[in-house]
Amino acid sequence: MSNEVLDEALLKRAFHHAVTFLDTLPRRPVGPRATRDELLHALRAPLTEEGEDAAGVIDLLAVQGQRGTMGTPSPRFFGFVIGGSLPVAVAADWLTSAWDQNAGLYAASPITSVAEDVAREWLLDLFGLPRESGLGFVTGCQMANFTCLAAARHAVLRDHGWDVEEKGLQGAPRVNLVLGAEAHITIHVALRFLGFGTSTSLVVPTDEQGRMHAGELRKTLAGVQGPTIVCAQAGNVNTGAFDPLREIAGIAREHGGWLHVDSAFGMWAAASRDKRALTDGIDLADSWATDAHKWLNVPYDCGVAIVRDAQAHRASMTSTAAYLQQTSGAERDPVDWNPEFSRRARGLTVYAALRTLGRCGVEDLVDRLCARARQIAELLAPHATILNDVVLNQVLVRFGDSDELTRAVIAGVQQEGTCWLGGTSWHGMGAMRVSISNWATTEEDVERSAAAIVAILRSLRA
Ligand SMILES: *Cc1c(COP(=O)(O)O)cnc(C)c1O
C-alpha cells in the first residue's frame, strides 16, 4: 500500500525494529553498551547534499543506535524514577505520531481537545481533587511545577492588587516563597524561570525521611507577611516520603498562603486504597504537579499540572489571540492551560492508559510496585543497610556503611547488566537508589536483580 503520504514498507520496517527492541529487551543487558566514541563513529557523517535512503537511516538508528539506548522500559530498570510504557500507551503514541496533530487549539485538533478534557475529568476523579480544577498536559513534572507556580504567582499577586501578567514582577509586592529543605531541584528551577531567583526562598527543615517539619513551617511563616507560596512534596525523590500535607495545608491556609504540592510520582498513591493515607490532606492544596510518564507508564513525555483556581491557571498560561479564536466557547483550547503553544497530543496516551486500566487497574499498578519495593528491600536487608522507611516505591541501600563499597556495587551492577540502578547522596551518605516504577516488573525480576546485586557485593568483598 502507498499513496503520497504513506510509505508502508518504511513504517513496517520501523515496526519490526520496535518489536525486536521490546522482544529482546528483557534478555539484553539493561544498561547501554556503546561508548560515546563508538556512537559517534556509528552516527557521525558529513551531511550529504542529496540525502540518503530512508530505510537505511532507520536501520542505522535501530541497529547501531540501539546499543546506546538505556533499557528504561525494561522490567529490571530501577534507575532515577522512570516508568516503562504500557503496551496500550505505546500503541496510542504511535497513533499520535501518525496523526501529527497540533494539540494547541480545539480548531487544530478537536479529538485531542476532547480526549484531554475527558482524561482531565478522570485524573481529577482518580486523585480525589476538585472537579472544577484547571489541568494542563505538559512535558513533565518540571513544567508542571512551573505551570502551577505561575498560576500561584498570578493568584497571590492578584490578591494583593497586582496584575503580574500585565505588569511583570518589577515593582510588584514581594512574594514569600517557602520550601522544604528537600524540595526537588525542579522546584528551584521553576522559581528561577518565574523570575524569583534561586536564593530568595525561605527553607523549612526536614526530618530524617526528608519530610517537611510542620512545626518549623509554622515558625517560618510566623515572621512572614504579604503574598506567600508554600511548596510541599508528596513523594521524596530519594525516600518516597510524604510531607504531612494536612497539617501543612492548615498552616498555609491560616497565613492566606497558596499551597503547591510537587507530587511527581506520589500523587498516584491517592489511587490506591492501601496507600491513600499517605496523601491525606493533599486535596486541600491549591495546585498539584504530577507525571504520567512515571507511575502511569506512558511513553515520554507527559506531565500534568493541576490548579484548583482554574481562572488563575488560565490567566497565567493563556495565549489565545484574536486570530486563534476559532471556536464558540465550550471547546477547550489546550494553549490556555500549558506553557507550550504548538505541541504534541500527549494526552492521548493518558486517555488510552486510563481507559484500559480502569480504577482497579491503576490501583493494582500502584500496589504492585510498592510490593516489589518492599520485596527488594527485604531481599537486600541481610546484606546491607536500608536507609529509608519503604513506604512507597523507593528504596535507599548502603553497603558496609561505606561510600566506596556502595559506589563499587553500583558500578558493578551497571556493568553486569541484569538490572540498572543509580547512586544518590542521602544526608551525607552515598546510597544506591532503587526505584520500582515499571508496570512489568515481576517478583522474579526482583529476585534475579537482588541475587545479581548480592553476587557483586560478594565478589567485591572476596
Ligand atoms: C521526577 C520528579 C520531578 C521532575 O519531573 P520530570 O518529569 O523529570 O520533569 C519533580 N519532582 C519530583 C519529586 C520528581 O520525582
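GLY226 versus (1) at positive phi; (2) more than 16 Å from the ligand (Cβ to nearest atom); (3) within 20 Å of the chain's Cα centre (by Cα): which is the lone unmet condition?
So the condition that GLY226 fails would be (3).
Condition first: within 28 Å of the chain's Cα centre (by Cα), at positive phi and within 16 Å of the ligand (Cβ to nearest atom). Can you find one or more residues in segment 180-200 that meet it? Even if it seems obvious, please write down each step before you answer.
Within segment 180-200, the subset within 28 Å of the chain's Cα centre (by Cα) is 180-200.
Checking which are at positive phi leaves us with 195, 197.
Then drop every residue that is not within 16 Å of the ligand (Cβ to nearest atom), which leaves none.
The answer is no, given that none of the residues of segment 180-200 is within 28 Å of the chain's Cα centre (by Cα), at positive phi and within 16 Å of the ligand (Cβ to nearest atom).
Quick one: which residue in ALA91, ALA150, ALA108 is small (Gly, Ala, Ser), closer than 25 Å to LEU191 by Cα and either open to solvent by 10 Å² or more (accessible area, probe 1.4 Å) or not in a loop (DSSP other than H, G, I, E, B) (or both)? Even if it seems obvious, please write down each step before you answer.
On the way: ALA91 fails: closer than 25 Å to LEU191 by Cα; ALA108 fails: closer than 25 Å to LEU191 by Cα.
So the residue among ALA91, ALA150, ALA108 that is small (Gly, Ala, Ser), closer than 25 Å to LEU191 by Cα and either open to solvent by 10 Å² or more (accessible area, probe 1.4 Å) or not in a loop (DSSP other than H, G, I, E, B) (or both) is ALA150.
Evaluate the following for THR290: is it closer than 23 Å to LEU217 by Cβ and either of a type in the set (S, T, N, Q) or within 16 Å of the ligand (Cβ to nearest atom) (or both)? Break it down stepwise before answering.
Details: closer than 23 Å to LEU217 by Cβ: yes; either of a type in the set (S, T, N, Q) or within 16 Å of the ligand (Cβ to nearest atom) (or both): yes.
Here the answer is yes, as THR290 does meet what is asked.
Please determine, by comparing only the residues of segment 284-294 that are assigned to a loop (DSSP other than H, G, I, E, B) and more than 20 Å from ARG344 (Cα to Cα), which one is least open to solvent (accessible area, probe 1.4 Å).
Step one: filter segment 284-294 for residues assigned to a loop (DSSP other than H, G, I, E, B), giving 285-286, 292-294.
Of the ones still in play, those that are also more than 20 Å from ARG344 (Cα to Cα) are 285-286.
Values: ALA285: 0, ASP286: 37 Å².
My answer is ALA285.
Out of segment 153-175, which residues are part of a helix (DSSP H, G or I) and of a type in the set (D, E, K, R)? First the steps, then the outcome.
So the first thing to find is which residues in segment 153-175 are part of a helix (DSSP H, G or I), and the list is 153-158, 164-167.
Correct list: ARG153, ARG158, GLU165, GLU166, LYS167.
Within segment 127-146, is even one residue modelled with pLDDT of 95 or more and closer than 20 Å to VAL224 by Cβ? Don't jump to the end; show me each part of the working.
Taking segment 127-146 first, the residues modelled with pLDDT of 95 or more are 127-146.
Narrowing the set further to residues that are closer than 20 Å to VAL224 by Cβ leaves none.
Checked segment 127-146: no residue is modelled with pLDDT of 95 or more and closer than 20 Å to VAL224 by Cβ.
What do you reckon, is GLY197 closer than 16 Å to HIS427 by Cβ and among the small types (Gly, Ala, Ser)?
The answer is no for GLY197.
Looking only at segment 252-273, which residues are away from the ligand (no atom under 16 Å from the Cβ) and assigned to a loop (DSSP other than H, G, I, E, B)?
HIS255, GLY256, GLY257, SER272, ARG273, listed by residue number.
Working carefully through the options GLY358, GLY347, GLY400, find the one that is surrounded by 16 or more Cβ atoms within 10 Å (Cβ to Cβ) and on the phi > 0 side of the Ramachandran plot.
On the way: GLY358 fails: surrounded by 16 or more Cβ atoms within 10 Å (Cβ to Cβ); GLY347 fails: on the phi > 0 side of the Ramachandran plot.
Result of the check over GLY358, GLY347, GLY400: GLY400.
Being under 24 Å from ARG153 (Cα atoms) and among the aromatic types (Phe, Trp, Tyr) narrows it down to one residue among TRP268, TRP295, TRP258; which is it? Walk me through it before giving the result.
Values: TRP268 fails: under 24 Å from ARG153 (Cα atoms); TRP295 fails: under 24 Å from ARG153 (Cα atoms).
Step by step, each of TRP268, TRP295, TRP258 is checked, and only TRP258 is under 24 Å from ARG153 (Cα atoms) and among the aromatic types (Phe, Trp, Tyr).
Out of the residues in segment 330-344 meeting the condition of being farther than 26 Å from ASN297 by Cβ, open to solvent by 10 Å² or more (accessible area, probe 1.4 Å) and of a type in the set (A, V, I, L, M, F, W, C), tell me which one is nearest to the chain's Cα centre (by Cα).
Out of the qualifying residues, it is PHE341.
With the requirement that a residue be of a type in the set (Gly, Ala, Ser), open to solvent by 20 Å² or more (accessible area, probe 1.4 Å) and under 21 Å from the mean Cα position of the chain (by Cα), what does segment 362-382 give you?
From segment 362-382, those of a type in the set (Gly, Ala, Ser) are 371, 373, 377, 381; that's our starting set.
After this cut, where a residue has to be open to solvent by 20 Å² or more (accessible area, probe 1.4 Å) as well, the list is 371, 381.
Within segment 362-382, just ALA371 meets the criteria.
Of all residues being of a type in the set (Val, Ile, Thr) and open to solvent by 30 Å² or more (accessible area, probe 1.4 Å) in segment 217-238, which is nearest to THR147 (Cα to Cα)? Just the residue, please. Break it down into steps so the answer makes sense when it comes.
Residues of segment 217-238 of a type in the set (Val, Ile, Thr): 220, 224, 228-230, 237.
Next cut, open to solvent by 30 Å² or more (accessible area, probe 1.4 Å) only: 220, 237.
Numbers: THR220: 25, VAL237: 20 Å.
So the residue we want is VAL237.
Suppose we keep only residues that are under 17 Å from TRP295 (Cβ atoms) and part of a loop (DSSP other than H, G, I, E, B) within segment 119-147. Which one would you say is nearest to the ligand (Cβ to nearest atom)?
GLY140
When you go through LEU157, LEU169 one by one, which is the residue that is more than 24 Å from the chain's Cα centre (by Cα) and closer than 30 Å to GLY347 by Cβ?
Values: LEU169 fails: closer than 30 Å to GLY347 by Cβ.
The conditions single out LEU157.
Can you go through ALA312, ALA249, ALA330 and tell me which one is part of a loop (DSSP other than H, G, I, E, B), aliphatic (A, V, I, L, M), farther than 25 Å from ILE436 by Cα and away from the ligand (no atom under 16 Å from the Cβ)? Break it down stepwise before answering.
Details: ALA312 fails: part of a loop (DSSP other than H, G, I, E, B); ALA249 fails: part of a loop (DSSP other than H, G, I, E, B).
Among ALA312, ALA249, ALA330, only ALA330 is part of a loop (DSSP other than H, G, I, E, B), aliphatic (A, V, I, L, M), farther than 25 Å from ILE436 by Cα and away from the ligand (no atom under 16 Å from the Cβ).
Spot the failing condition for ALA431; the list is (1) open to solvent by 10 Å² or more (accessible area, probe 1.4 Å); (2) part of a strand (DSSP E or B); (3) small (Gly, Ala, Ser), and only one is missed.
Only one criterion in (1) open to solvent by 10 Å² or more (accessible area, probe 1.4 Å); (2) part of a strand (DSSP E or B); (3) small (Gly, Ala, Ser) is unmet by ALA431, namely (1).
Looking for something surrounded by fewer than 18 Cβ atoms within 10 Å (Cβ to Cβ) and within 19 Å of MET317 (Cα to Cα) - is there at least one such residue anywhere in segment 128-146? Don't jump to the end; show me each part of the working.
Filtering segment 128-146 down to residues surrounded by fewer than 18 Cβ atoms within 10 Å (Cβ to Cβ) leaves 128, 130-132.
From what is left, the residues that are within 19 Å of MET317 (Cα to Cα) are 132.
Yes; the residues of segment 128-146 include at least one that is surrounded by fewer than 18 Cβ atoms within 10 Å (Cβ to Cβ) and within 19 Å of MET317 (Cα to Cα).
Kindly provide the set of residues from segment 177-208 that are open to solvent by less than 50 Å² (accessible area, probe 1.4 Å) and out of contact with any strand residue (DSSP E or B) (no Cβ under 9 Å at 6 or more places or on another chain), ordered by number.
The answer is VAL189, LEU194, GLY197, ASP207.
List the number of the failed condition for LEU10; all other conditions in (1) of a type in the set (A, V, I, L, M, F, W, C); (2) under 29 Å from GLY422 (Cα atoms); (3) open to solvent by less than 90 Å² (accessible area, probe 1.4 Å) hold.
(2)
The values are calculated or read from the model by the stated rules, or taken from the named source; none is laboratory data. What you see is a predicted model, and the numbers here were worked out from it, not measured in a lab. Every residue, glycine among them, receives a Cβ derived from its backbone with ideal geometry; neighbour counts consider all protein chains shown. Quick note on the areas: whole protein, heavy atoms, side chains included, nothing else; ligands and nucleic acids left out. Shrake-Rupley method; radii C 1.70, N 1.55, O 1.52, S 1.80 Å.
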